[in-house]
1. Which condition number in (1) crowded, with 22+ Cβ neighbours inside 10 Å; (2) assigned by TED's automatic domain parsing to the domain that holds residue 73 is the one that residue 134 fails?
2. Among the residues of region 92-111, write down those that are under 18 Å from residue 121 (Cα atoms), assigned to a loop (DSSP other than H, G, I, E, B) and not small (Gly, Ala, Ser).
3. Can you pull out every residue in region 286-313 that is over 15 Å from residue 273 (Cα atoms) and in a helix (DSSP H, G or I)?
4. Just to check your reading of the model, which residue among 44, 49 is within 32 Å of the chain's Cα centre (by Cα), surrounded by fewer than 21 Cβ atoms within 10 Å (Cβ to Cβ) and under 15 Å from residue 147 (Cα atoms)?
5. Yes or no: residue 25 surrounded by fewer than 19 Cβ atoms within 10 Å (Cβ to Cβ) and either under 21 Å from residue 339 (Cβ atoms) or of a type in the set (S, T, N, Q) (or both)?
6. Being under 32 Å from the mean Cα position of the chain (by Cα) and within 16 Å of residue 449 (Cα to Cα), is that true of even one residue in region 497-517?
7. Checking the conditions here, which among 260, 336, 314, 318 is buried (at least 23 other Cβ atoms within 10 Å of the Cβ) and aliphatic (A, V, I, L, M)?
8. Being over 17 Å from residue 288 (Cα atoms), in contact with a strand residue (DSSP E or B) (Cβ under 8 Å, 6 or more places away or on another chain) and basic (Lys, Arg), is that true of even one residue in region 392-414?
Amino acid sequence: MTKHRQDRAFMSVRVSVMHWLLDERFNGLISFLQKHREAVDEIAFFSSAIHPVLPLDIIEERAAIMGKRMASARKEGYRAGINFLSTLGHLDEYMENALKGDFIRMTGIDGSQAEGSFCPNDENYRAFLIKVYSALAKAKPDFIWIDDDIRISNHSPAQNPCFCENCLSIFNKANGSSHTRESLQTAFDEGSAEKKMDTRQAWMLHNACSIKRLLSLLEESVHKINPGIELGLMTGERFYEGYDFQEWAQSLSGTNGVKVKWRPGGGFYSDELMRGIIEKSHQIGRQISLLPGHVVNIQSEIENFPYQPLRKSVKTTVLESASYIAAGCTGSAYNVLGMFAEPLDEYEHLFKQLADSRAFFDLLAQEFGRSRPEGIFTAWKKLSLASNNPEGKWFKGGNFYKDISEPLDICELGLPPAYSMAGAHANLLSGNLSMSFRREELKSILSGGVYMDGKTLERLNEMGLSKLTGFTVDKWEEKDCAEILTDDPLNGEAVGWRRDCIQSFWKNPCASLSPLDSSARVIGRKIERLGTEQTFPCMGAYENQLGGRVVVAGYAPWTFLQSHAKSVQMKRLFRWLSRDSIPGYVESYHKANIWVRKRLNGGLAVALINSSQDPARDLKILIRSSSKELSLVDMKCKIKNIRQSGHDGPYTRFKLPCIAPWSMVFLLS
């Protein structure tokens, strides 16, 4: 755990060009923010309102104006900086206003090009960026946020860039190869799975190095002018880019070790589907897990793009801040104001609530610091994207993003997630993800607790690890399967309960499992929806020779787990898999998400969201602690002390008061 103590969460707002370009509008913006002074401490001024790269003269002109705006904001007590949009370019829009010139564009593997996005390895373009970032530094910002166009993927219309001749030359030189675009595509998509994985991983490492070189250039350009400017990077999940956050952060810090900021993000722009908060929290948690300990200013991206206030409620936006801090952030960066110089009245209620909730955000940041979430971990690595569609085309088809995200749906039963192996008390292995691990790494994982699906079982057995998995897949059944839980003690009170995931509606093949020795336990069997005959095993548990515990779920392992029976079973299974080491979980039958982390004083802190539209009444939580009492803090910072109501092995039980739908409580033991 990184021991970082802070008194306040890092809270900022990002404002569009039209809010600061003219004096009158800028003065109105400052007046608005001052009315809600507790909401934010920093202002980041967007340099552009469009997503391609701007010409140098426009950037220099705006940098001069932003310099004046930042100086004025500091007089009002704010830290002030620049949110630079764009460095490489996001996509092609408003191209008549975009940069032109003799630069290499992002180039797809098919030769397609993005006119508004540029290759980070083009020396001509790098020379242009030196001028750009020098101009930004001369404006004397406290910080510069580098926006999330710092990526190699997703520069439409270029398909999976960058395969320009220069990038191919750099890759070939580093790898002793002589690939063309065509031959590299063949190497990605044809041949043995092992060789394809090696080439794909080499390409992702190449992408990671391209980003690192770019960030080093930007750091040198800025700190040559002003060595005290903090640089910050906005990211999403950077699988294609090799996810090398440790090295990228070091590049931004430079040789003098200047502080670095980070802004992890992901798409959640409206609240029609509230579980998007949870999905984005997991995405953010994965990003933070790869950050070095010296990065402590981690502001979640909270973005209501394209800024239609009724698309996302005030309550949702406030909850986002809390949820992302629970997942590992230490603050929030709000991109919630409109793009145009129109009245700010419609944002009054939002900023009042952000200000009123500041004490709760501060408390979360104080207690959590940079401690890691602990619980169940979807096992993945920085280069795991290489495992996508191992028998087919890398860039077409495959289930990688489903494999990486779907397993954590288990957590809405009230089980805590982990985002790194260091925080794992049990591991989840899904689909083809196991292929990105070396055999020795998998043996280490299998010496602990593992919950896996049937596809993973096949992959592990193909690697000669069947003695550690305990089962084999005999066949797959595509239709008319339901599951019945056997009388094994692991199923507890759920013995005899059924689950039908209706394969005719939701395609999900069922694995017919065979135990490989007599100690392998069958905990679920296939049964027909209306039948009484139990047939082949579809779920099993096994304790292997390394002392590891394995559960193989061959029937809908990640979905349709929300019944009472599966809730009971899953919680019992993860206690068994972890040997009662999971730090806490919701014992009662509620839809809730929790994050359990160590407090700086050595106790436990739990952030709990009622992820249902119903009030959570009589919710019981088990915490692995000897505490007889815990403090419950609601989002208004009202504190209630809760006495324990019993024990279950090493866990202490607490019954919580009613929790409103889609709200958080913070528990301190």
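The values are calculated or read from the model by the stated rules, or taken from the named source; none is laboratory data. Every value quoted in this text rests on a predicted model; they were computed, and no experiment measured them. Reconstructed Cβ throughout: ideal geometry from the backbone, glycine too, with neighbour counts over all protein chains shown.
1. All conditions pass for residue 134, except number (1).
2. Result: 99, 100, 102, 103, 104, 109.
3. Across region 286-313, the qualifying residues are 286, 287, 288, 289, 309.
4. Result: 49 is the single residue among 44, 49 that is within 32 Å of the chain's Cα centre (by Cα), surrounded by fewer than 21 Cβ atoms within 10 Å (Cβ to Cβ) and under 15 Å from residue 147 (Cα atoms).
5. Judged against the criteria, residue 25 is a match.
6. Looking through region 497-517, none of the residues is under 32 Å from the mean Cα position of the chain (by Cα) and within 16 Å of residue 449 (Cα to Cα).
7. Only one candidate passes the filter, namely 260.
8. no
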